[in-house]
Amino acid sequence: MATGLYVGVYNTSTGEIDWLNKYDLVDVLTLQVTDGLGATGDSLRFSLRAPSDYASSGSELPLAGQIVRLVIDDVKLFEGVIQQVSNAWGAGNEVAATCVANSYVVLLNRHLVAESEMPEASAGARIRALLREYASPFADDLSYIQEGPTIPAQGYDYQKLASVINSIAGSVGYLWYVDFDKRVHFFADLDQDAPITSIDADTETRIGNLVVDEDASDIANVVILKDFVSKNKNKLSHKVKADGDTSFFALPMPPFSLEDTEVYVKPEGSDTWVEKLVVEDPLNGRSESIQGDAGLAYLCLFNEGVRFPEADMPGPGDTVRVDYNPEIPDRVAIVFDEDSIREFARREGGDGHHEIVVSVSDFHVDDERPVYLLGQLLLRRRAWPVLTGSFSLRTTNLGEWKAGQTFTIQSTIRDIFDLRKWVASDYTTKSPVRVWVDKVVRKFELTPSGFQEYDVVSFTSQPWGK
């Protein structure tokens with residue numbers, strides 16, 4: 001079976017990467033792979049020893065910036081970019097090199113993102129468009145990028161692509177990472193079972209060194225969401241007389257959207273209203289006039305008014321009527337987790353409230369439902385103490401424990417259970433609590449029967465903060 005630590009060297013003749021195996025130089029006991037949840041959680045650390053004349057005889061030691069791949073018994077356990085190399089003298093006049101590599105995320109940032117404004121789109125569509133434009137080597141297979149919620153139009157001023165994707169993921173509550181084959185994964189749910197799906201800490205013998213912690217330092221069970229804009233359900237009909245010289249007519253309240261706006265003109269002396277086709281104002285707030293086409297009316301959301309083209313301006317005495325739904329600015333919504341409030345009142349006394357305020361000024365919504373859904377999402381992640389812990393185990397199934405896997409854990413002796421379900425059951429039923437693997441640190445041992453892996457598995461009940 002193939003085992004190797006391969007360092008990549010670009011071949012200018014073939015246009016491909018040549019993989020040079022350095023495994024015979026590697027101290028196996030120094031190999032350490034960290035599989036972490038989130039975009040920047042993966043790393044590889046290793047040390048190798050080479051004769052003092054290794055480089056001078058034409059061979060090459062690993063260099064910072066090169067790519068590296070670790071394969072053991074045909075299982076690829078890491079691939080990414082060497083970030084740091086430390087060279088020192090080893091025993092017997094050898095060169096000792098210690099290398100640290102990180103995931104391919106670092107290569108996403110070779111070109112900065114500069115966009116004056118990208119249109120409203122699903123979060124996944126935005127990420128796919130950015131990868132095609134700024135990181136084409138990562139755009140060969142975009143099938144692992146889920147659509148996600150719609151996000152508003154936004155510009156980017158020479159930002160790192162990884163930071164942009166991180167911001168998008170954070171705004172919609174998704175996770176993302178780059179795998180060993182340069183494929184970007186963007187997703188909402190972590191539903192892959194761990195190799196052990198249920199752990200009873202009182203009887204489980206396959207794991208050791210179990211430690212479990214509970215942290216209530218960041219509790220929030222009342223979320224105040226402010227600064228969003230919603231649509232007034234009552235349509236306003238605004239009328240004004242034209243003077244024949246004015247092409248722009250301001251509205252008394254800001255319009256919510258183009259789609260909710262209708263514009264009519266009634267010529268002087270007529271009883272008939274002539275409807276105009278409402279389109280977006282291309283001037284975007286500038287004070288110039290538009291020659292334009294007859295029959296059009298331009299809605300300017302920036303200046304909160306309607307502009308007519310010079311080719312079809314209302315004449316003196318004509319009546320301009322705009323029927324529209326105004327926006328309601330500076331809205332506030334409050335979302336509660338009543339069970340969490342009840343539990344913390346029991347623990348602390350008082351009313352049990354722990355409040356946070358979140359500005360959602362990017363939200364421009366028909367109704368409050370998306371805002372309340374965001375509030376409920378935040379409560380699911382903040383309203384209860386976070387359970388974290390770790391354990392160790394040995395396995396011959398290399399790479400089987402991975403960040404993002406899920407299992408349940410319980411203990412009667414240590415009183416480990418699902419607090420949320422216990423409170424919801426009126427304090428009658430203690431169920432196993434679901435947790436997710438957020439980091440696996442792998443080391444390797446060579447036994448007479450082959451390699452085995454020594455893992456330290458860290459887990460959390462709240463992985464979405466990664």
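Points to keep in mind about this one:
- Scanning the stretch 252-267 for residues that are within 39 Å of the chain's Cα centre (by Cα) and not in a strand (DSSP E or B) yields M253, P254, F256, S257, L258, E259, D260, T261.
- Residues of the stretch 225-247 satisfying the condition of being in a strand (DSSP E or B), on the phi < 0 side of the Ramachandran plot and either free of Cβ contacts under 8 Å to residues at least 40 places away in the same chain or surrounded by fewer than 17 Cβ atoms within 10 Å (Cβ to Cβ) (or both): K226, L236, S237, K239, K241
- Some residue of the stretch 403-410 being among the polar types (S, T, N, Q) and loosely packed, with under 14 Cβ neighbours inside 10 Å: no
- Any chance L48 is at pLDDT below 95, in a helix (DSSP H, G or I) and not acidic (D, E): no
- Within the stretch 83-115, the set of residues being closer than 17 Å to L70 by Cα and without any contact (Cβ under 8 Å) to a residue 60 or more places away in the chain comprises Q83, Q84, V85, A97, C99, V100, A101.
- If you go through the stretch 351-404 and pick out every residue that is part of a strand (DSSP E or B), over 16 Å from D218 (Cβ atoms), assigned by TED's automatic domain parsing to the domain that holds D337 and of a type in the set (V, I, T), you end up with 1.
- Qualifying residue in the stretch 165-174 (condition: within 14 Å of the chain's Cα centre (by Cα), over 25 Å from L70 (Cβ atoms) and modelled with pLDDT of 95 or more): yes
- Selection over the stretch 103-114 of residues that are part of a strand (DSSP E or B) and touching a Leu at 6+ places or on another chain (Cβ under 8 Å) gives a count of 1.
- Against the criterion of being touching a Leu at 6+ places or on another chain (Cβ under 7 Å) and surrounded by fewer than 19 Cβ atoms within 10 Å (Cβ to Cβ), F180 does not qualify.
- Selection over the stretch 70-89 of residues that are buried (at least 17 other Cβ atoms within 10 Å of the Cβ), farther than 27 Å from N397 by Cβ and not aliphatic (A, V, I, L, M) gives a count of 0.
- Within the stretch 45-69, being out of contact with any helix residue (DSSP H, G or I) (no Cβ under 6 Å at 6 or more places or on another chain) and crowded, with 18+ Cβ neighbours inside 10 Å holds for P62, Q66, I67, V68, R69.
- Looking only at residues of the stretch 176-224 that are assigned to a strand (DSSP E or B) and of a type in the set (S, T, Y), we find that the one that is farthest from the chain's Cα centre (by Cα) is S198.
- From the options G8, G15, residue that is surrounded by 13 or more Cβ atoms within 10 Å (Cβ to Cβ) and more than 17 Å from S458 (Cα to Cα): G8
- Number of positions in the stretch 102-137 that are over 20 Å from W176 (Cβ atoms) and touching a Gly at 6+ places or on another chain (Cβ under 7 Å): 2
The values are calculated or read from the model by the stated rules, or taken from the named source; none is laboratory data. All of these numbers come straight from a predicted model, not from anything done at the bench. Cβ atoms come from the backbone with ideal geometry, glycine included; neighbour counts cover every protein chain shown.
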